[in-house]
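Inspection log for the structure reproduced underneath, given as structure tokens.
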Amino acid sequence: MPPPVFRFAPSPNGYLHLGHAYSALLNHDLARGSGGRFLLRIEDIDSARCRPEFEAAIEEDLRWLGLAWEQPVRRQSEHLPLYAQALATLTGQGLIYPSFESRAEIARMVAARDSMGGWPRDPDGVPLYPGTAKDLSAAEREDRIGSGAPYALRLDMAAACERAGDLSWSEQGAGPEGETGTIAASPLEWGDVILARKETPTSYHLSVVVDDALQGVTQVVRGQDLFRATGVHRLLQRLLGLPAPAYHHHPLLRDADDRKLSKSSRATGLRELRADGIGPQDIRRMVGL
Ligand code: GLU
């Protein structure tokens, strides 16, 4: 049996806090305990928010925590053509369509429908895209794209689910409601998700499944905030012919006011804690490892 492969996959759009430390240490400990490998992946496709200095700080903080990972570190921004290829596969399956509405326009359309009865929301509370652009003709799409209009490329979720059939995943941790074991995937609850934009040929969902497969990741250990998104990931894996890793979602650490930790909170930032004289072993204790 080849060794299990774990990864910690932060986005360099801020400094790490205790929640990241917990996730990274848990991945690392599980890899150590099972004779597995531990990878670091930098998820930096959002060029507007990600910065090289955050990436350097992430590596410094993880080293300070006592972690070691394989080289080279994979940086998603260096592999955009690969994600574009995966997108082309889905386009070839007739599952991708462009939509041209701005966020504000979508909010207006949804508000109008909301007043006629609740408009459905995705698990993150964002109103589902109403699917209006699906009805545009091929000529209209070409016209708008040709005119330089911004657009998002969306997955036709109903068609994708029909093509993929029933999907599930093996949950070795637990979802927010304690769900564990074999979990039935419900990607339909996300609606027609965006898989790419005019200026970025990929999205979190697309690049995460492509990279997990390419890097041979067998164990995805990450926060419970991504539990429901796993349904979309399983769907993309099936459509793209990629293997399914096992998943382990862990609870999110909360601050003293029972709020999710945020990258801007000074009280739980690893750099601030270090400056206050806290050591790596204290961090382990603080996150319960
Ligand atoms: N890059 C994502 C984040 O920082 C994590 C992705 C994952 O673990 O699947 O929230």
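The values are calculated or read from the model by the stated rules, or taken from the named source; none is laboratory data. Note that this is a predicted model, so its numbers are computed, not measured. Note: ideal-geometry Cβ built from the backbone for every residue, glycine included; neighbour counts use all protein chains shown.
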Inset, instruction - Would you tally the residues in segment 32-48 being in contact with a strand residue (DSSP E or B) (Cβ under 9 Å, 6 or more places away or on another chain) and away from the ligand (no atom under 15 Å from the Cβ)? - result: 4
Legend entry - segment 1-14: number of residues that are surrounded by 20 or more Cβ atoms within 10 Å (Cβ to Cβ) and either basic (Lys, Arg) or more than 11 Å from the ligand (Cβ to nearest atom) (or both): 1
Inset, instruction - Can you give me the number of residues within segment 199-226 that are more than 10 Å from the ligand (Cβ to nearest atom) and either surrounded by 22 or more Cβ atoms within 10 Å (Cβ to Cβ) or under 24 Å from LEU252 (Cβ atoms) (or both)? - result: 7
Inset, instruction - Inspect segment 18-31 for any residue being modelled with pLDDT of 95 or more and away from the ligand (no atom under 16 Å from the Cβ) and give the result as yes or no. - result: yes
Legend entry - Residue match in segment 263-274 (condition: out of contact with any Ser or Thr (no Cβ under 8 Å at 6 or more places or on another chain), more than 23 Å from ARG63 (Cα to Cα), in a helix (DSSP H, G or I) and within 15 Å of the ligand (Cβ to nearest atom)): no
Inset, instruction - Report, ordered by the first and then the second residue, all pairs with beta carbons closer than 8 Å, sequence separation of six or more or different chains, a first member in segment 90-101 that is over 17 Å from ALA149 (Cα atoms), and a second member that is part of a helix (DSSP H, G or I) and of a type in the set (S, T, N, Q). - result: none
Inset, instruction - Could you name every one of the strands (runs of 3 or more DSSP E) located completely within segment 126-238 that has at least 1 residues being of a type in the set (Asp, Glu)? - result: 168-171
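Per-residue answers, yes or no, for (1) free of Cβ contacts under 8 Å to residues at least 40 places away in the same chain; (2) closer than 18 Å to VAL210 by Cβ; (3) in contact with a Gly (Cβ under 7 Å, 6 or more places away or on another chain); (4) not aromatic (Phe, Trp, Tyr):
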| site | (1), (2), (3), (4) |
| --- | --- |
| VAL5 | no, yes, yes, yes |
| ASN13 | no, no, no, yes |
| HIS17 | no, no, yes, yes |
| LEU25 | no, no, no, yes |
| ARG32 | yes, no, no, yes |
| GLY36 | no, no, no, yes |
| GLU43 | no, yes, no, yes |
| PRO52 | no, no, no, yes |
| GLU78 | yes, yes, no, yes |
Inset, instruction - State whether the residues of segment 51-68 include one that is under 30 Å from PRO280 (Cα atoms), touching a His at 6+ places or on another chain (Cβ under 6 Å) and crowded, with 18+ Cβ neighbours inside 10 Å. - result: yes
Legend entry - In segment 132-189, residue farthest from the chain's Cα centre (by Cα) [restricted to those that are free of Cβ contacts under 8 Å to residues at least 40 places away in the same chain and on the phi > 0 side of the Ramachandran plot]: GLY148
Legend entry - Test: residue in segment 118-127 that is within 17 Å of SER203 (Cβ to Cβ), free of Cβ contacts under 8 Å to residues at least 24 places away in the same chain and surrounded by 11 or more Cβ atoms within 10 Å (Cβ to Cβ): yes
Legend entry - Pairs where the first residue, in segment 232-248, is at pLDDT 95 or above and surrounded by fewer than 21 Cβ atoms within 10 Å (Cβ to Cβ) and the second is among the hydroxyl-bearing types (Ser, Thr, Tyr) and assigned to a helix (DSSP H, G or I), C-beta under 8 Å, 6+ apart: LEU239/THR89; LEU240/THR89
Inset, instruction - Mind telling me which of the residues ALA185, ALA196, ALA256, ALA229 ends up being closer than 30 Å to VAL287 by Cα, at pLDDT 95 or above and more than 12 Å from the ligand (Cβ to nearest atom)? - result: ALA185
